[in-house]
1. For Arg184, are the conditions met, namely being farther than 21 Å from His279 by Cβ, modelled with pLDDT under 95 and not acidic (Asp, Glu)?
2. Only residues that are out of contact with any Phe, Trp or Tyr (no Cβ under 6 Å at 6 or more places or on another chain) and within 16 Å of the ligand (Cβ to nearest atom): list them for the stretch 235-256, please.
3. How many of the residues making up the stretch 28-80 are within 20 Å of Ala301 (Cβ to Cβ) and within 16 Å of the ligand (Cβ to nearest atom)?
4. So in the stretch 259-294, with the set limited to residues that are charged (D, E, K, R) and either part of a loop (DSSP other than H, G, I, E, B) or under 13 Å from Val229 (Cα atoms) (or both), which one is nearest to the ligand (Cβ to nearest atom)?
5. Filter the stretch 81-110 down to the residues that are within 16 Å of the ligand (Cβ to nearest atom) and in a loop (DSSP other than H, G, I, E, B), then identify the one that is farthest from Asp196 (Cα to Cα).
6. Does Thr146 meet the test of being closer than 24 Å to Asn273 by Cα and more than 20 Å from the chain's Cα centre (by Cα)?
7. Just to be sure before I move on: is Pro180 free of Cβ contacts under 8 Å to residues at least 60 places away in the same chain and within 19 Å of Val107 (Cβ to Cβ) in the structure I sent?
8. Test each condition in (1) touching a helix residue (DSSP H, G or I) at 6+ places or on another chain (Cβ under 6 Å); (2) within 16 Å of the ligand (Cβ to nearest atom) for Arg7 and report the one that comes out false.
Amino acid sequence: MRVYVTRAIPQRLCENIAEVGEVQIWDEDVPVPREILLEKAAEATGLLCMLTDEIDSELLDAAPRLRVVSQMAVGVDNIDVPSCHSRGIRVGHTPDVLTESVADHAVALMLAAARRFREGMAEVVEGRWGSWDPWHQLGVDVHGTTLGIVGMGRVGNAVATRAAAFNMDVLYASPRQSGPSSARHVALSELLTASDHVMVAAPLTPETRGLFGVREFRAMKPTATFVNVARGPIVNQAALAEALDAGEIFGAALDVTDPEPLPPEHPLVGLRNCLIVPHIGSATVRTREAMAALATENLIAGLRGGRMPSEIEPTTA
Ligand code: DGY
């Protein structure tokens, strides 16, 4: 069996994989170029891949021996999962191990947007820090306000837990009533008008692609913040830039954009009330090591024909 790993992972994990097959690794610090991925996939029985690798039908057609695709991420929108399943290829991902780190990060972004960290830091770095002023750099409160979470999966639930410590009321919009009993399931339209802070924590699906556009931002309070820790394409970024620029919403903090990286000349990058960080929600040492370990376990179990700890099961629908 041959396994292709599309980014460096800890040596001990490579050694584990080597017990089931021959391992090759792309260990540059940029994503593997498409032509190399296609060439390697053609020989591979297993792929341990990243969210930057497009696992589409072109690749699957070129990979007749492929039996397992194991992604080192929870989101699998870069993988054509139904096409994998229709070819008998098993798909693994890494939920749970990253939930708490992503939730920490989501709350950090909400606080940063509410308290205008980007503008404050720019003043310090650019030598514009004037004397203390009682009316300068005023933000909006987080404690005691209403948080609206769009998508109430593992991360949404973990954010809701943290929100309780800030004495926040939590609303959520999600296809299922999957939130804690302290949170109220509402329609997206109600969430938008009632929330002081709106956070997206939903997977990218055909239903969520472009979910936030002109109408949604206009429905929000002018004092509201917007946080996205899910996937960039859920948001119409031109609409977000306009809403921020026109003061239709107070501020935004984005962990994810479309595309990634977002070019520095993109209108969102220049907006003083928009903080953008480079898709680092799960980026702690402990969590990334746990994700790599789980992706490796999924891969090995799948190649051995055993139970994968986190497999995306084929749907019967
Ligand atoms: C994921 O896992 O899907 C995140 O976006 C990266 O950790």
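1. no
2. Listed by number, the residues that qualify are Ala253, Leu254, Asp255, Val256.
3. So the count comes out to 12.
4. Of everything passing the filter in the stretch 259-294, Glu260 is nearest to the ligand (Cβ to nearest atom).
5. Taking the candidates together, the pick is His93.
6. yes
7. Judged against the criteria, Pro180 is a match.
8. (1) is the only condition that Arg7 fails.
The values are calculated or read from the model by the stated rules, or taken from the named source; none is laboratory data. As the structure is a computational prediction, the values presented were derived from the model and not from experiment. Glycine also receives a Cβ, built like all others from the backbone with ideal geometry; neighbour counts cover every protein chain displayed.
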